[in-house]
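The values are calculated or read from the model by the stated rules, or taken from the named source; none is laboratory data. Owing to the predicted nature of the structure, the values given are computational and were not obtained by experimental measurement. As a convention, Cβ positions derive from the backbone with ideal geometry for all residues, glycine included, and neighbour counts pool all protein chains shown.
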Amino acid sequence: MTDAARSILVVEDEPQIRKFLRISLESHGYTVHEARLAAAGLELCATVRPDLIVLDLGLPDLTGHEFISRVREWSQVPIIVVSVERSESAKVLALDAGANDYVTKPFGISELMARIRVVLRNLDDTRESPVLELQGLRLNLAQHEVEVDGETIHLTKKEYDLLKLIAVNRGQVLTHQHILREVWGPAQQDETHYLRVLVGQLRQKLGDDPADPRFIVTVQGVGYRFSSH
């Protein structure tokens, strides 16, 4: 599907920002639907079925986190949060509620467009495909085989599970707690040192420089995402 066929729902109570987003998104070929309040946004989400939602957290009638939770009861539509809240805890709350990405205000439109493209590109890549090929990384989900630039990489089960989780959810920031729940189980969701060690081991095997990551990007204090480069 081309970007021209994509629809984006903007849920934002500030008229100037809503107008800025509408003009910017339409200039890139997207169809834009707007809502000032969460209630109207939820209704539009159900009726127009957008391909992506751009959501402000500070809405008058519901918190952004409540909005995300309501949507996630029935839909996995990608949600990118835009907010003045810069704290790590705010980002973690939004991402754990089900947001795919988080952009702080003020932001450059080129940055937001890049985030949108990554999320929508992930939608186009069928997750049913047994093989993911990403920036020189080849991940065979059926055979549990990993190659980097044609060279086979031998991973432990947890290293493989971590890489698969981040790669399959490329375009999405995964919080420490989410990764720990998925890879270790709910009982270990606060053991972030386990995750730091495992990420270090995985990066070493992949030849991934944390200062200039090719595959795994650290989102400081929040979690990890697959590199969009």
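Side notes on the structure shown:
- Within segment 20-46, being among the polar types (S, T, N, Q) and free of Cβ contacts under 8 Å to residues at least 24 places away in the same chain holds for one residue alone: 27.
- Subset of segment 127-170 (residues that are more than 27 Å from residue 80 (Cα to Cα), part of a helix (DSSP H, G or I) and touching a strand residue (DSSP E or B) at 6+ places or on another chain (Cβ under 8 Å)): 160
- Residue ID - surrounded by the most Cβ atoms within 10 Å (Cβ to Cβ), chosen from residues in segment 6-19 that are in contact (Cβ under 8 Å) with a residue 24 or more places away in the chain and more than 19 Å from the chain's Cα centre (by Cα): 12
- Restricted to segment 200-223, and to residues there that are among the aliphatic types (A, V, I, L, M) and surrounded by 13 or more Cβ atoms within 10 Å (Cβ to Cβ), the residue that is nearest to residue 95 (Cα to Cα) is 222.
- Residue 188 vs. criteria modelled with pLDDT under 90 and farther than 20 Å from residue 122 by Cβ: yes
- Selection from segment 171-185 of residues that are in a loop (DSSP other than H, G, I, E, B) and either at pLDDT 90 or above or closer than 19 Å to residue 94 by Cα (or both): 171, 172, 173, 184
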